[in-house]
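All remarks here apply to the structure that follows.
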Amino acid sequence: MTTTNLTAPWRAVARWRMAMAVMGLGLGTTTVGLGWDYYVHEVVREVTEVESMFAAPHLLIFAGFAITGLGFLWALAGVRLAHGPRPA
């Protein structure tokens, strides 16, 4: 059994780490938004008949999804840049 050592440029590794940090920030933001929404609906029972999609907890959830998606796209771009274009 043999192992292969893979090397990547330090800049690519730094980009991947930053992308992972951005995704973690997005997931944390979404988690806080979900917790806040749960608190509003279940603990405080502030439920109106027609709740706005633009309520503050919902905006936090959507922002977290967007941040996570941007981090994921950043990671994909980093992989593409590190390995170069694919041969045709």
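Here are the numbers for the structure shown:
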read-out	value
Residues within the range 1-39 that are at pLDDT 95 or above and of a type in the set (Val, Ile, Thr), tallied	5
Looking only at the range 40-53, and only at residues there that are of a type in the set (A, V, I, L, M) and farther than 15 Å from PHE65 by Cα, the one that is modelled with the lowest pLDDT	VAL50
Given (1) at pLDDT below 90; (2) open to solvent by 50 Å² or more (accessible area, probe 1.4 Å), index of the condition GLY84 fails	(2)
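Residue by residue, here is whether (1) closer than 27 Å to ARG80 by Cα; (2) open to solvent by 50 Å² or more (accessible area, probe 1.4 Å); (3) part of a helix (DSSP H, G or I) holds:
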site: ALA19; (1), (2), (3): yes, no, yes
site: VAL22; (1), (2), (3): yes, no, yes
site: GLY26; (1), (2), (3): yes, no, yes
site: LEU34; (1), (2), (3): no, yes, yes
site: VAL40; (1), (2), (3): no, no, yes
site: ARG45; (1), (2), (3): no, yes, no
site: PHE54; (1), (2), (3): no, yes, no
site: HIS58; (1), (2), (3): no, no, yes
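The values are calculated or read from the model by the stated rules, or taken from the named source; none is laboratory data. What you see is a predicted model, and the numbers here were worked out from it, not measured in a lab. These area figures cover heavy atoms from the full protein model, side chains too; ligands, DNA and RNA do not enter into them. Shrake-Rupley method; radii C 1.70, N 1.55, O 1.52, S 1.80 Å.
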